[in-house]
Amino acid sequence: MPDADQPILAVRGLHVEFDTNDGVVHAVKGVDLDVRRGETIAVVGESGSGKSQAMMAMMSLLAANGRARGSARYREKELIGLSERQLNRVRGKKITMIFQEPMTSLDPLYRIGRQIAEPLIHHGGYSRARARPRVLELLKLVGIPEPERRMRSYPHELSGGQRQRVMIAMALANDPDILIADEPTTALDVTIQAQILALLADLQRRLNMAVVFITHDLGIVRRFADRVYVMRSGEVVEQGSTEAVFDRPQHPYTKLLLAAEPAGRKAPPAPGAPILLEGDNVEVTFRIGGGFLQGEPMLLRAVDRISLTLREGQTIGIVGESGSGKSTLGRALLRLLPSEGAIRFGARDISKADREDMRPLRREMQVVFQDPFGSLSPRMTVGQVITEGLLVHEPSLSRRDRDRRAVEALREVGLDPSMRNRYPHEFSGGQRQRIAIARAIILKPRVVVLDEPTSALDRSVQKQIVELLRDLQAEHDLSYLFISHDLAVVRAMSDYIIVMKQGKIVEEGPTDAIFDHPREAYTQTLMAAAIDSTRFRSSP
């Protein structure tokens, strides 16, 4: 066993480059990094800073157009340049990784239990029968409710946060030496986030496991990291103990990150603003299982008799735990899911509208999904992705006019328009989320459902996106349904809050009333967890 002061992972002079249509992109530029047994290090920085690509390069998980050079030595064994067979003796067993977007890592054709069992069978020598109790144990550890039933579920039957917890269970299956966690709590609400982080900390102590957190959430960093590496534009601009970096930051960029927080309030809608979208006793029920040799299906009521009224220029924030039904409600109101109850858009009843009936309205009702990588075609350039809706709704536009609109949309969301010839996999998670926002706003809709639109963004970019969304809303009288677990962002964006749990509304009211004087115990728990998290985001 190596000396405690010696790194078990030593990265030296790591460079990562990508060949793109616009030339070579130098994503990581000479990074040095050490990881010692049992410690937690955090790699922080804006979306596109290279923090995820540095870790992906070390594990030889770069896209086909990427290449790495330099050194990454695990227990004195060089990883850069190893064959796939040699790497697989380390990956998944000694070094594991939780990816930022679980839906792209989980196979949609296999049940959750089978997927968690795979690393146990492949790396741990388990039989499928022996793996089952371990799978149940892991599901319980990461807080999945009804684990025996969820073992039989497919990924699309879980919420985003539940899918992310499944990924954590898979990564921890074989008690790894090093766990690389790339935004491991991005999709989780604050209460579950605290449970998952406490779980990781407990496992780390028990197994003397090293953890590398790749994150934009500085609250997590201050609470759990021993040392911090701050990256910008592919380079490490500052490093040191967590206490030193937070209390005595040296680099201007570090100071900017520590000071960033969504602030201010949106302007209220005009008095007597017309009702734009209305739901009355909306219900959504899913059938789970059933069929030959499976018995009767189970019925899950994901949305249970919910009513709401969204006015022109208004933002309704919808908050609650992962699996509470908030995303399902948003999709049902846009008629993207079958539902019961009445739904009206303006003066039109769309409760029973079919696909053809809804087509003319789709331009006015847009959605930004939680997982942008799953909704962006990997075969289309960003420019094509953004302008795809224009081909349907404004077919008379010339190619030049569509390109001009794409340039404007990319600028509005803070991306360089020259990037429009690249493909989605060439962007960071945060950049992909901004691309998804650009695709929605290019059509100038009246209602936008924003499903965790800032979840993958670092704080400084979150602040920019919040300000952008508020500006767009004021300019175009947009109405938003803002679905999020990030209560700081919800407060900055919303006029009215709906708190959901298990498909029902627990509490609702004006934003300040819900945040400052919550009545229900569940709402009070959410607010307390948010305060505990933001307590660590103090300015230097």
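The values are calculated or read from the model by the stated rules, or taken from the named source; none is laboratory data. Nothing here was measured: the structure is a model prediction, and the numbers come from that model. Note that we place each Cβ from the backbone using ideal geometry, even for glycine, and neighbour counts take in every protein chain shown. Side chains included, ligands, DNA and RNA excluded: accessible areas come from the protein's heavy atoms. Shrake-Rupley method; radii C 1.70, N 1.55, O 1.52, S 1.80 Å.
Summary of values
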{"read-out": "Residues of the stretch 16-46 that turn out to be buried (at least 22 other Cβ atoms within 10 Å of the Cβ) and not in a strand (DSSP E or B), as a count", "value": "2"}
{"read-out": "Any hit, the stretch 519-527, residues being over 20 Å from the mean Cα position of the chain (by Cα), farther than 29 Å from Gly45 by Cβ, open to solvent by 30 Å² or more (accessible area, probe 1.4 Å) and basic (Lys, Arg)", "value": "yes"}
{"read-out": "Leading residue by the ranking (nearest to Gln250 (Cα to Cα)) among those in the stretch 501-540 that are among the charged types (D, E, K, R) and at pLDDT below 70", "value": "Arg537"}
{"read-out": "Verdict on Asp401 being assigned to a helix (DSSP H, G or I) and either open to solvent by 40 Å² or more (accessible area, probe 1.4 Å) or touching a residue at least 12 places away in the same chain (Cβ under 8 Å) (or both)", "value": "yes"}
{"read-out": "Candidates Val461, Val449, Val392, Val407 - the one that is more than 30 Å from Leu61 (Cβ to Cβ), of a type in the set (Val, Ile, Thr) and surrounded by 22 or more Cβ atoms within 10 Å (Cβ to Cβ)", "value": "Val449"}
{"read-out": "Identity of the residue in the stretch 78-108, charged (D, E, K, R) and exposed (fewer than 14 other Cβ atoms within 10 Å of the Cβ), that ends up farthest from Met151 (Cα to Cα)", "value": "Glu78"}
{"read-out": "Cβ-Cβ under 6 Å pairs, at least 6 apart or on other chains, the stretch 267-283 side free of Cβ contacts under 8 Å to residues at least 12 places away in the same chain and of a type in the set (Val, Ile, Thr), far side surrounded by 15 or more Cβ atoms within 10 Å (Cβ to Cβ) and in a strand (DSSP E or B)", "value": "none"}
{"read-out": "Hits in the stretch 432-446 - residues which are modelled with pLDDT of 90 or more and more than 17 Å from Leu376 (Cα to Cα)", "value": "Pro445, Arg446"}
{"read-out": "Scan of the stretch 192-215 for residues that are within 18 Å of the chain's Cα centre (by Cα) and open to solvent by 20 Å² or more (accessible area, probe 1.4 Å), ordered by number", "value": "Ala194, Gln195"}
{"read-out": "Criterion violated by Asn281 - all others in (1) among the polar types (S, T, N, Q); (2) more than 23 Å from Lys463 (Cα to Cα); (3) surrounded by 22 or more Cβ atoms within 10 Å (Cβ to Cβ) satisfied", "value": "(3)"}
{"read-out": "Residue within the stretch 89-105 that is at pLDDT 90 or above and under 18 Å from Glu426 (Cβ atoms) present", "value": "no"}
{"read-out": "Residue selected from the stretch 141-172 under the condition assigned to a loop (DSSP other than H, G, I, E, B) and of a type in the set (Val, Ile, Thr), by the criterion modelled with the highest pLDDT", "value": "Ile144"}
{"read-out": "Ile505, sole failed condition from (1) surrounded by fewer than 23 Cβ atoms within 10 Å (Cβ to Cβ); (2) in a helix (DSSP H, G or I); (3) of a type outside the set (Gly, Ala, Ser)", "value": "(2)"}
{"read-out": "Selected residue (criterion: farthest from the chain's Cα centre (by Cα)) from residues of the stretch 109-134 that are among the hydrophobic types (A, V, I, L, M, F, W, C) and surrounded by fewer than 14 Cβ atoms within 10 Å (Cβ to Cβ)", "value": "Ala129"}
{"read-out": "Single condition Leu390 does not satisfy, out of (1) over 30 Å from Gly323 (Cβ atoms); (2) in contact with an Asp or Glu (Cβ under 9 Å, 6 or more places away or on another chain); (3) not in a helix (DSSP H, G or I)", "value": "(3)"}
{"read-out": "Residue within the stretch 342-361 that is modelled with pLDDT of 95 or more, surrounded by 14 or more Cβ atoms within 10 Å (Cβ to Cβ), touching an Asp or Glu at 6+ places or on another chain (Cβ under 7 Å) and of a type in the set (D, E, K, R) present", "value": "yes"}
{"read-out": "Matching entry among Ala117, Ala131 (being aliphatic (A, V, I, L, M), modelled with pLDDT of 90 or more and in contact with a Leu (Cβ under 6 Å, 6 or more places away or on another chain))", "value": "Ala131"}
{"read-out": "Condition check for Val448: assigned to a strand (DSSP E or B), in contact (Cβ under 8 Å) with a residue 60 or more places away in the chain and closer than 23 Å to Pro269 by Cα", "value": "yes"}
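Matching residues to (1) at pLDDT below 95; (2) open to solvent by 50 Å² or more (accessible area, probe 1.4 Å); (3) of a type in the set (A, V, I, L, M); (4) assigned to a loop (DSSP other than H, G, I, E, B):
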site	(1), (2), (3), (4)
Glu238	no, no, no, no
Pro268	yes, yes, no, yes
Leu277	no, no, yes, no
Leu299	yes, yes, yes, no
Val319	yes, no, yes, no
Ser324	yes, no, no, yes
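Every residue, every condition in (1) aliphatic (A, V, I, L, M); (2) out of contact with any strand residue (DSSP E or B) (no Cβ under 8 Å at 6 or more places or on another chain); (3) without any contact (Cβ under 8 Å) to a residue 60 or more places away in the chain, yes or no:
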{"residue": "Arg344", "(1), (2), (3)": "no, no, no"}
{"residue": "Lys352", "(1), (2), (3)": "no, yes, yes"}
{"residue": "Leu361", "(1), (2), (3)": "yes, no, yes"}
{"residue": "Val367", "(1), (2), (3)": "yes, no, no"}
{"residue": "Val382", "(1), (2), (3)": "yes, yes, yes"}
{"residue": "Glu408", "(1), (2), (3)": "no, yes, yes"}
